[in-house]
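Notes follow the structure.
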Amino acid sequence: MVELREINKDNLEEVLQLSVSEDQKSFVSSTAHSLAQAWVYQKTAFPFAIYANQELVGFVMLGYYESRKQYTLWKFLIDRHYQNKGYGKESLRLAIEYLMKTFNVSEIYTGVALDNKIAKHLYESVGFIETGVVEDGMKEMKYVC
């Protein structure tokens, strides 16, 4: 069973230890960097630890991009030890569900690095589609709720 949990004093250190494989590090911010951004943008950033069967397996941060009036999948990673087990797809579904239930969103946006084929495929598998916008080396993708 996969679930999203609040990050707090009980799991912070463990969340900070999450990491991806070497070949993925150029695509993903560290959890420390992401949590620093979440603190700065605390009114519009929504970070969660991802658990599967009571085991910490990943991190996701959702957000609201005020200047574009868009809800976003801002940061996402599954720890290298837990990849290819279906946790990514299930946690993305939970993140989408959270935004839909909490903010009644009709669209969710994300960006994927041009050469990150694995992430692009994962996002497409849950329903994200390319918008045609490419900005700062990232393809914009959109999920229509």
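Filtering the stretch 122-136 to residues that are open to solvent by 40 Å² or more (accessible area, probe 1.4 Å) and part of a loop (DSSP other than H, G, I, E, B) leaves only Asp136. All but one of (1) under 25 Å from Phe103 (Cα atoms); (2) not in a loop (DSSP other than H, G, I, E, B) hold for Ile7; state the number of the condition that does not hold. Of (1) under 25 Å from Phe103 (Cα atoms); (2) not in a loop (DSSP other than H, G, I, E, B), only one is false for Ile7: (2).
The residue that is nearest to the chain's Cα centre (by Cα), among those in the stretch 40-74 that are among the hydroxyl-bearing types (Ser, Thr, Tyr) and within 20 Å of Ile108 (Cα to Cα), is Thr72. Among residues belonging to the stretch 7-30 that are at pLDDT below 95 and more than 14 Å from the chain's Cα centre (by Cα), point out the one that is farthest from Asp79 (Cα to Cα). Among residues in the stretch 7-30 that are at pLDDT below 95 and more than 14 Å from the chain's Cα centre (by Cα), the one farthest from Asp79 (Cα to Cα) is Ser26.
Kindly indicate whether Thr110 is among the β-branched types (Val, Ile, Thr), at pLDDT 95 or above and open to solvent by 50 Å² or more (accessible area, probe 1.4 Å). Break it down stepwise before answering.
Working: among the β-branched types (Val, Ile, Thr): yes; at pLDDT 95 or above: yes; open to solvent by 50 Å² or more (accessible area, probe 1.4 Å): no.
No, not satisfied.
Tell me, which strands (runs of 3 or more DSSP E) lie completely within the stretch 30-103 with 3 or more residues that are over 18 Å from Cys145 (Cα atoms) and open to solvent by 10 Å² or more (accessible area, probe 1.4 Å)? Ranges flagged: 45-52, 70-78.
The values are calculated or read from the model by the stated rules, or taken from the named source; none is laboratory data. Treat the numbers as computed from the prediction; the structure is a model and nothing was measured. What goes into the accessible areas is simple: the full protein's heavy atoms, side chains included, and nothing from ligands, DNA or RNA. Shrake-Rupley method; radii C 1.70, N 1.55, O 1.52, S 1.80 Å.
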